[in-house]
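Novice: Please read through the structure below; I'll follow up with questions.
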Amino acid sequence: MRGFLASSAGVTCAAALALPLALSAPAQAGPQAARTEPAVPGGTQSLPLVPLGADRDLGAAAPEQGLGRRDVRSFSLVGVIWDDPDTELRGRVQVRTRATGTDHWTGWQDIETHNHDHAADPGTAERDSGRVRGSTAPLWVGDSDGVEVRVQAEADERATEPGDSPLPRGMHIELVDPGAEPPSAYTPAGVGRAGRAGRTGALNARTAYASAANVDLAPLGATEIPALSRQKTERDLLAGMPEGAAREPYIGERPTIVTRRGWGADESLREGGFVYTKKVKAAFVHHTASGNNYLCSQGPSVIRSVYRYHVVSSGWRDIGYNFLVDKCGNIYEGRAGGVAKPVLGAHTLGFNNDSMGIAVLGSYGSTKPSAAAVTAIARLAAWKLGLYGADPRGTTYLKSGGGNLFPKGKNVRLNVISGHRDAFATECPGRLLYGKLGSVRTAAARYQGR
């Protein structure tokens, strides 16, 4: 089902009507040349990769490319992009970084190369914008000011015709600085709840427009949407139902959700307006594959970095996920448009319509997800799926928009709470997080009172 661009009628707040309706997307340079944005608040350094080793005379056809050690401006997250989003990077990507203000270099760290499965559906305006690039997953490395990169093609990719490139063309290393915490930012730990929810301050037009999408749930400019008791959550749900449609409201209590303003989203980066699908029939669970070397107090910084990488580096209209969860169980609003609304994301290629994406910050192939994160997924799913009458233990049908498991147009039966790998051949959300989804379904149903 096609999403629609929000009009003034789609934002249920008088304040939103006075704000710009169609905010234009920021101009973005192509990946062919080195690109640097202003460093405040945050920025991206984009450096072209060059041939390495004995094959450097092959130029773009060299099977190993990268950068030698070099000094750069401060950054905290890295990733590699290339020109054609339909080209896979078949090989290994590794980086070494130097902690800011020190002489200490890390060992080589692998970057997950398969990121095209987190993307807008084929044939959509977002996917066909002409700005989208191929990209690896992002990797959080912490505050750094030195970098070294190497990309090696797989052995079977090296035997090509003369002049053919075994690696994607136009590869760049993206060095993302999340910027300092804005004065209004939510603090995940060490600050009283009244302080966290109550800071508003001055709003620019773009921030106010994004915040207005949640005005039925929290004041304009709030940094968090407060939790509701189950009784109040049920009462709100019943109040929104058509007259005569009364039923037992199977819904979990609304959890606390940090808003985009709370994690410091720069709303000028994303494309203007909101895009919706018709409903939310399923939730796909993901991991960001960005590593686990972050503190919970850094959660907002990690999200600002992923947001910038998705939009500025990868060319998406906004961050891909509808919600994000850190390892301490804090829940964050992802793509703009309203946490209670069916916002169209770019999280599960081919299955973004009528679904939502929940990503846990980190990598969970060999690391066990925290109990707090698993509980947060269940509570969030119980509430959001409950708004649309979905049973977390049940199954549903979604129509494929095209992918590597199901052809376009096929109606696919999926668990209402699924892992990314259920809809696309991928390791996401990691073996150990995927193994927790049975517990998530059971807990979410219990939170709904089923």
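Novice: For the stretch 313-357, state what percent of all Cα-Cα pairs lands in each successive 5 Å bin, counting from 0 Å until the bin that includes the largest distance.
Specialist: Cα pair-distance distribution for the stretch 313-357, in percent: 5, 24, 28, 24, 14, 5, 0.
Novice: Taking the DSSP beta bridges in the stretch 193-447 as the whole, what percent of them are antiparallel, to the nearest 5? Before the final figure, lay out the partial values.
Specialist: Working: 11 of 24 bridges.
Antiparallel: roughly 45 percent of the beta bridges in the stretch 193-447.
Novice: How large is ³J(HN,Hα), in whole Hz, for each residue of the stretch 326-336 in order, when computed from phi with the Karplus curve 6.51 cos²θ - 1.76 cosθ + 1.60 and θ = phi - 60°, using x for Gly and Pro?
Specialist: In residue order, the calculated couplings are 9, 6, 9, x, 6, 9, 10, 5, x, 4, 5 Hz.
Novice: Determine Rg/Rh for the stretch 224-362; Rg is computed over alpha-carbon atoms and Rh is the Kirkwood hydrodynamic estimate from the same atoms. Could you put the intermediate results ahead of the total?
Specialist: Working: Rg = 15.8 Å, Rh = 16.0 Å.
My calculation puts Rg/Rh at 0.99.
Novice: Further, regarding this structure: Please state the Cα pair-distance histogram of the stretch 200-299 with 10 angstrom bins from zero: what percent is in each bin?
Specialist: 11, 30, 38, 18, 3, 0
Novice: Sticking with this one: 5 Å is the cut-off here: which amide hydrogens, built 1.01 Å from N in the peptide plane, fall below it relative to ASN404, excluding neighbours closer than 5 in sequence?
Specialist: HN-HN under 5 Å from ASN404: ALA425.
Novice: With all pairs of different alpha carbon atoms counted, what Kirkwood hydrodynamic radius in Å does the stretch 298-439 show?
Specialist: Numbers: mean 1/r = 0.0643 Å⁻¹.
In the stretch 298-439 this quantity evaluates to 15.6 Å.
Novice: Working out 0.36 nm times the residue gap between THR87 and TYR388, then minus their Cα-Cα distance, what length gain in nm do you get to one decimal?
Specialist: Stretched out fully, the THR87 to TYR388 stretch lengthens by 104.7 nm.
Novice: How would you rank 165-177, 68-80, highest first, on the average number of other Cβ atoms within 10 Å across their residues?
Specialist: Details: 165-177: 23.6, 68-80: 19.0.
Descending packing order for the listed peptides: 165-177, 68-80.
Novice: Using only Cα atoms, what is the ratio of the radius of gyration of the stretch 193-447 to 2.2 N^0.38 Å? Could the numbers behind the result be given before it?
Specialist: On the way: Rg = 17.2 Å, N = 255, 2.2 N^0.38 = 18.1 Å.
So the Cα radius of gyration is 0.95 times the expected 2.2 N^0.38 Å.
Novice: Moving to a separate point now. Taking neighbour Cβ counts within 10 Å as the exposure measure, how do LYS399, LYS341 sort from fewest upward? Kindly include the intermediate steps, with their values, before the conclusion.
Specialist: Working: LYS399 15, LYS341 21.
In order of increasing Cβ crowding within 10 Å: LYS399, LYS341.
Novice: Here's something else I'd like to know. Among SER290, SER211, rank each residue by its count of other Cβ atoms within 10 Å, from fewest to most, as a rough exposure measure. It would help to have the intermediate numbers written out before the result.
Specialist: Values: SER290 25, SER211 28.
By the 10 Å Cβ count, ascending, the order reads SER290, SER211.
Novice: Ranked by Cβ crowding within 10 angstrom, fewest neighbours first, how are CYS328, CYS428 ordered?
Specialist: Details: CYS328 16, CYS428 28.
With the sparsest Cβ surroundings first, the list reads CYS328, CYS428.
The numbers here are math on the coordinates, done by the rules we state, and not lab data. Fair warning: this is a prediction, and the values are worked out from it, not measured in the lab. Every residue, glycine among them, receives a Cβ derived from its backbone with ideal geometry; neighbour counts consider all protein chains shown.
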